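To start, the structure under review is shown below, and the notes come after it.
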Amino acid sequence: MKRTRSFFAVIWPPVLVLIAAIITLHIWASALDEPFLLPTPRAIVRIAINRRHDLLSALGTTTEAALIGFFCSAGGGIAAGMALSASSLVRRAFYPYTVFFQTVPIIAVAPLLMIWCGPGLPAVALCAFIVSVFPVIAGTLTGLLSTDPALEDLFRLYGASRWAKMWKLRLPSALPSIFTGLRVAAGLAVIGTVVGEFLVGVYGPNEGLGVRIVSAKKQGRTDEVFAAVLVASLLGLAMFAIINLAAKLLLGRWHASEQDH
Amino acid sequence: MQIANLHKVFDNDVVAIENLSLEINPGEFVAILGPSGCGKSTLLRIIAGLEKPTGGTVQIGQGKIAYVFQDSHLLPWRNVLRNAALPLELAGVDRADRIAAAREALSQVGLADAVQRYPAQLSGGMKMRVSMARAMVTHPDFLLLDEPFAALDEINRQKLDEQLRKLWLLHRMTVIFVTHSTAEATFLADRAVVLSARPARIVADLLIDLPADRPAAIRSTPAFAAITQKIYDALERGGA
């Protein structure tokens, strides 16, 4: 079994990269001296602090849509994966259509979402859902279908019901794979939300980060675009971290895949 | 247990078992040997009802069956106690009873102190013991084992063989033990059925005439060596 690395040992390589990136950006932006094209890190931080109320309110709106989209993906994706795992006929009939979620350009369906839901939270959350559901379906399905055949035999030998097989064997053994899907979905849900806000977001006091990015760009405030992008990335990172933590708590004790993350 | 004219042909037209008949008495400890890939495991799976024969019948009457696989195949998210209790849980036995039965089964394989551990924290030999306890927890009438200790090192394997023999002396269930080790068969069983290369036919059906209670040292006696040799010769005749 591997020794867990200390917090410091885990944290220094990415922090070093971050510092190097900030320094490079600073030198580059200062030399270029075109704040409209490339603001300095200092200018980005300054505008982020000055506009913190707007940014935080936008973050709240975006977080709400991203979380709704993500939870719909998690619930719907796991349920769809379970349904698809039921029989190979069901799988052959429906699986090709789930790939739709993976391949549909969200920009192409945005007008439809606009017609059905109107602009605003439901349409944005739907974008987040469409963009993020496929990895959950695929992860769940892969996990459910790769159950140890010997254990399947064992459950059959002891006359386990379909229900018992699902809850006591298949679902638990699929958990690592489901979490892999959820991790990907968490990041995608934020991307889907921001893109959704570009396309079907509402302007005004409750506008999200995506809308802020669009209006800052229209005003030529590149520093504010950067600040909003930064906040959106931090949101994605935070969601990823929470999923990781949940995976560790749930699986830490037994899954080898969780012992070295 | 009556196995009559058993046939098994796989989907790809490979004949695994051809016209095999075998009678096993209640409480008998039978070792089944044969070259790799000869259909021993298939025979065991058919007896357990995990696979259907193409022809012929297996009659085992009433009785509970337990099966031990080549690897321990434990549920990694359950601790040792809850792994051992699984068959009773699936049978709907209530919690207190199944936990008590699992504790007893685990103490019979020497794991009374490890009940709270998780499979990832156990050695290969310990995992296999949990697997045996899980099989014994229902007090089966038939215990089927498919090369259960093949992946273990020699010392662990011999220890587990001794443990299994003791369990059998205690419970006297019918045991069918598939192996390709002649010494393991001699040590464990009272009867060795040797199968030929595919399709599996019976080459020899040998009585192992050793005392019921077998200390570890019996392995170095001349009688033991003679029986092992007889099984070996039969295997060679079968085309191993």
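The values are calculated or read from the model by the stated rules, or taken from the named source; none is laboratory data. It should be emphasised that the depicted structure is a prediction, and the values quoted were computed from it without experimental measurement. A quick note on method: Cβ atoms are made from the backbone with ideal geometry, for glycine too, and the neighbour counts reach across all protein chains shown. Accessible surface areas use protein heavy atoms only, side chains included; no ligands, DNA or RNA. Shrake-Rupley method; radii C 1.70, N 1.55, O 1.52, S 1.80 Å.
Quick check on B:ALA120: is it surrounded by fewer than 18 Cβ atoms within 10 Å (Cβ to Cβ) and closer than 25 Å to A:LEU250 by Cβ?
Judged against the criteria, B:ALA120 is a match.
Of all residues in the range A:129-172, count the ones that are part of a helix (DSSP H, G or I) and of a type in the set (Asp, Glu).
So the answer is 2.
What do you reckon, is A:ALA160 over 16 Å from A:ALA189 (Cβ atoms) and open to solvent by less than 30 Å² (accessible area, probe 1.4 Å)?
Yes: the conditions hold for A:ALA160.
Could you say whether any residue in the range B:98-117 is within 14 Å of chain A (Cβ to nearest Cβ), assigned to a helix (DSSP H, G or I) and at pLDDT below 95?
No, because not a single residue in the range B:98-117 is within 14 Å of chain A (Cβ to nearest Cβ), assigned to a helix (DSSP H, G or I) and at pLDDT below 95.
Conditions: (1) within 14 Å of chain A (Cβ to nearest Cβ); (2) open to solvent by 30 Å² or more (accessible area, probe 1.4 Å); (3) under 25 Å from B:ASP153 (Cα atoms). B:GLY92 meets all but one. Number of the miss?
(3) is the only condition that B:GLY92 fails.
Test of understanding: among B:PRO53, B:PRO26, which residue is in contact with a His (Cβ under 7 Å, 6 or more places away or on another chain) and away from chain A (no Cβ under 13 Å)?
Exactly one residue qualifies, and that residue is B:PRO53.
Identify, please: which residue in the range A:177-198 is open to solvent by 20 Å² or more (accessible area, probe 1.4 Å) and not hydrophobic (A, V, I, L, M, F, W, C) and is, among those, farthest from the other protein chains (Cβ to nearest Cβ)?
The selected residue is A:GLY187.
Quickly run through the range B:174-197 and pick out the residues that are at pLDDT below 95, part of a loop (DSSP other than H, G, I, E, B) and open to solvent by less than 10 Å² (accessible area, probe 1.4 Å).
B:SER196
Can you name every residue in the range B:59-86 that is in contact with a strand residue (DSSP E or B) (Cβ under 8 Å, 6 or more places away or on another chain) and either assigned to a loop (DSSP other than H, G, I, E, B) or open to solvent by 40 Å² or more (accessible area, probe 1.4 Å) (or both)?
B:GLN59, B:ILE60, B:GLY63, B:LYS64, B:PHE69, B:GLN70
Looking at B:ILE202, B:ILE231, which one is out of contact with any Pro (no Cβ under 7 Å at 6 or more places or on another chain), buried (at least 20 other Cβ atoms within 10 Å of the Cβ), touching a residue at least 24 places away in the same chain (Cβ under 8 Å) and farther than 24 Å from B:MET132 by Cα?
B:ILE231 is the lone residue from the list that is out of contact with any Pro (no Cβ under 7 Å at 6 or more places or on another chain), buried (at least 20 other Cβ atoms within 10 Å of the Cβ), touching a residue at least 24 places away in the same chain (Cβ under 8 Å) and farther than 24 Å from B:MET132 by Cα.
Would you confirm whether any residue within the range B:22-33 is free of Cβ contacts under 8 Å to residues at least 40 places away in the same chain and exposed (fewer than 14 other Cβ atoms within 10 Å of the Cβ)?
yes
Output the residue which, of all residues in the range A:163-176 that are free of Cβ contacts under 8 Å to residues at least 12 places away in the same chain and open to solvent by less than 50 Å² (accessible area, probe 1.4 Å), is nearest to A:GLY69 (Cα to Cα).
A:PRO172
Within the range B:128-141, can one find any residue that is without any contact (Cβ under 8 Å) to a residue 12 or more places away in the chain, farther than 20 Å from A:ASP148 by Cβ and of a type in the set (Asp, Glu)?
The answer is no, given that none of the residues of the range B:128-141 is without any contact (Cβ under 8 Å) to a residue 12 or more places away in the chain, farther than 20 Å from A:ASP148 by Cβ and of a type in the set (Asp, Glu).
If we keep just the residues of the range A:81-112 that are of a type in the set (Ser, Thr, Tyr) and under 30 Å from A:VAL200 (Cα atoms), which is most open to solvent (accessible area, probe 1.4 Å)?
Only one residue tops the list, namely A:TYR97.
From B:LEU167, B:LEU152, grab the single residue that is part of a loop (DSSP other than H, G, I, E, B) and surrounded by 17 or more Cβ atoms within 10 Å (Cβ to Cβ).
B:LEU152
Just checking, how many residues over the range B:1-34 are in a loop (DSSP other than H, G, I, E, B) and touching a strand residue (DSSP E or B) at 6+ places or on another chain (Cβ under 8 Å)?
Within the range B:1-34, residues that are in a loop (DSSP other than H, G, I, E, B) and touching a strand residue (DSSP E or B) at 6+ places or on another chain (Cβ under 8 Å) number 8.
Would the range A:145-155 turn up any residue that is open to solvent by 20 Å² or more (accessible area, probe 1.4 Å), closer than 16 Å to A:LEU84 by Cα, within 14 Å of chain B (Cβ to nearest Cβ) and among the hydrophobic types (A, V, I, L, M, F, W, C)?
no
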